[in-house]
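Engineer: Structure below; questions to follow.
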Amino acid sequence: MAKISIDPWGSFLVKDYEKLIGQYGLEPFTDELLKKIPNPNKLMRRKVVFAHTDFGRVLNAILKKKKFYALTGIMPTMDKIHLGTKLVIENMRYFQDHGAKTFVLVADLEAAATRQVSLEEGRERALDFHIPAYIALGLDPKKTVFYFQSENEKVKNLAFIFSGKITLNEYRAVYGNTEPARIMSSILQSGDILFPQLEQRIPGIIPVGPDQSPHILISRDIVNRTKSTFNFVPPSGLYHKFTPSLDGDLKMSKSKPHSCISIPDDIDEVCKRIRKALSGARKTLADHRKYGAIPEKDMSFQLLTQHFIEDDKELKRLYDEYKCGRMTTGEIKDITCEKLTKFMEDFEKKIKKARKIIPKIKFIK
Ligand code: TRP
């Protein structure tokens, strides 16, 4: 079987999450594992989190109240974020609440090298939008260490050293692409991922979409090959599914703006898009009442599951009502628009508040 090369900078579609697990050597996120996790969040409970790498290490730290860290990166390319980013932040928040030392870095060097965003532009955008947005979406700034890649000498030094530990062929096998800017960004990302351990060797968790899994796997290889110098603990990964495109493709993509939702977004426009989104209902109302819907195929329902309904009982009730045909697709879409409107309005309020605390944030260097 041909191996899929994941291009973290491209628009890779994960057609089959199972296949991805197999080919990339990710571990499935099983019920057994779920049972051991204290107060799992909705993404874990609903299997939006579908795979992991070496999560046991982190779980152990959580259960034994030992130190560990959680880390994520911001790409300051646009003045809005993808709805899917909300999933990363939700998982970061989970770990923050369960004792993780949390790190959020601005990938300004990566954005400059791969997306032609100048360092000044990236910095400004991160301060004005991305960091406040992350706080608005639930990250606790008091418990978070922030830095810019361009200002963190230690991360850059790590990357330089790591570059001697990986070959072009390995890089090509994992990414299918060998542009120097990408190689440098990838190695820098390994620097990010392992940087928190310079202070202390502790487990770390990197919650990401599956497109970022190669960075974690390569970082683990690097850990193996730098044992004698650094003796780092191999970092763990937690992978969530993409938020599907409104037309039913597996991932929202900027190339199809009508099938995308970003944060922020024009609420009326988004509700119109939701009206046109792929539905799980039958062709006629009579058939719908008779046979019921397929909620799994309904993009509105997916949005409710991944993003907008916290309470499992509430979600289950809608699922049952829709599946048996008592509720119509129109009613499901009404609920989705209502929840989304509330979410977007809430976000605006929260980001305004969060912007006020940005001057107080100290960025480590
Ligand atoms: N490459 C990531 C992205 O495209 C950004 C990033 C940089 C990152 N360093 C990281 C993500 C470390 C997780 C961990 O979004």
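Engineer: What are the pairs, 6+ residues apart or on separate chains, where a residue within region 172-185 that is open to solvent by 50 Å² or more (accessible area, probe 1.4 Å) has its Cβ under 7 Å from a residue that is within 14 Å of the ligand (Cβ to nearest atom) and outside any loop (DSSP other than H, G, I, E, B)?
Structural biologist: Correct list of pairs: MET184/ALA113.
Engineer: Among the residues of region 62-78, which ones are open to solvent by 10 Å² or more (accessible area, probe 1.4 Å) and either away from the ligand (no atom under 16 Å from the Cβ) or among the aromatic types (Phe, Trp, Tyr) (or both)?
Structural biologist: ILE62, LEU63, LYS64, LYS65, LYS66, LYS67
Engineer: Which condition breaks for GLY122 when tested against (1) more than 12 Å from the ligand (Cβ to nearest atom); (2) of a type in the set (Gly, Ala, Ser); (3) crowded, with 21+ Cβ neighbours inside 10 Å?
Structural biologist: (1)
Engineer: Additional query: Applying the selection to region 312-347, what residues are open to solvent by less than 10 Å² (accessible area, probe 1.4 Å) and without any contact (Cβ under 8 Å) to a residue 24 or more places away in the chain?
Structural biologist: Listed by number, the list holds a single entry, LEU318.
Engineer: Could you tell me how many of the residues in region 90-110 are near the ligand (Cβ under 10 Å from one of its atoms), assigned to a strand (DSSP E or B) and either more than 16 Å from MET184 (Cα to Cα) or touching a Gly at 6+ places or on another chain (Cβ under 6 Å) (or both)?
Structural biologist: 3
Engineer: Filtering region 137-150 down to residues that are open to solvent by 10 Å² or more (accessible area, probe 1.4 Å) and of a type in the set (A, V, I, L, M), which residue is farthest from the ligand (Cβ to nearest atom)?
Structural biologist: The extreme case among them is LEU137.
Engineer: May I ask you to verify whether VAL58 is crowded, with 21+ Cβ neighbours inside 10 Å, outside any strand (DSSP E or B) and under 20 Å from the mean Cα position of the chain (by Cα)?
Structural biologist: Yes, satisfied.
Engineer: Can you tell me how many residues in region 162-178 are modelled with pLDDT under 95 and part of a helix (DSSP H, G or I)?
Structural biologist: So the count comes out to 8.
Engineer: Which residue, of ALA159, ALA126, ALA113, is in contact with a strand residue (DSSP E or B) (Cβ under 7 Å, 6 or more places away or on another chain), over 26 Å from GLN23 (Cβ atoms) and in a helix (DSSP H, G or I)?
Structural biologist: ALA126
Engineer: Return the residues of region 174-198 that are within 12 Å of LEU109 (Cα to Cα) and either near the ligand (Cβ under 9 Å from one of its atoms) or of a type outside the set (A, V, I, L, M, F, W, C) (or both); say none if nothing qualifies.
Structural biologist: Answer for region 174-198, where residues must be within 12 Å of LEU109 (Cα to Cα) and either near the ligand (Cβ under 9 Å from one of its atoms) or of a type outside the set (A, V, I, L, M, F, W, C) (or both): ARG182, SER185, SER186, LEU188, GLN189, ASP192.
Engineer: Within region 326-343, is there a residue that is charged (D, E, K, R) and touching a Lys or Arg at 6+ places or on another chain (Cβ under 9 Å)?
Structural biologist: yes
The values are calculated or read from the model by the stated rules, or taken from the named source; none is laboratory data. Note that the structure is predicted; figures quoted are calculated from it, not measured. With ideal geometry, Cβ positions are generated from the backbone for all residues, glycine too; neighbour counts draw on all protein chains shown. All accessible areas refer to the heavy atoms of the entire protein, side chains included, with ligands and DNA or RNA removed. Shrake-Rupley method; radii C 1.70, N 1.55, O 1.52, S 1.80 Å.
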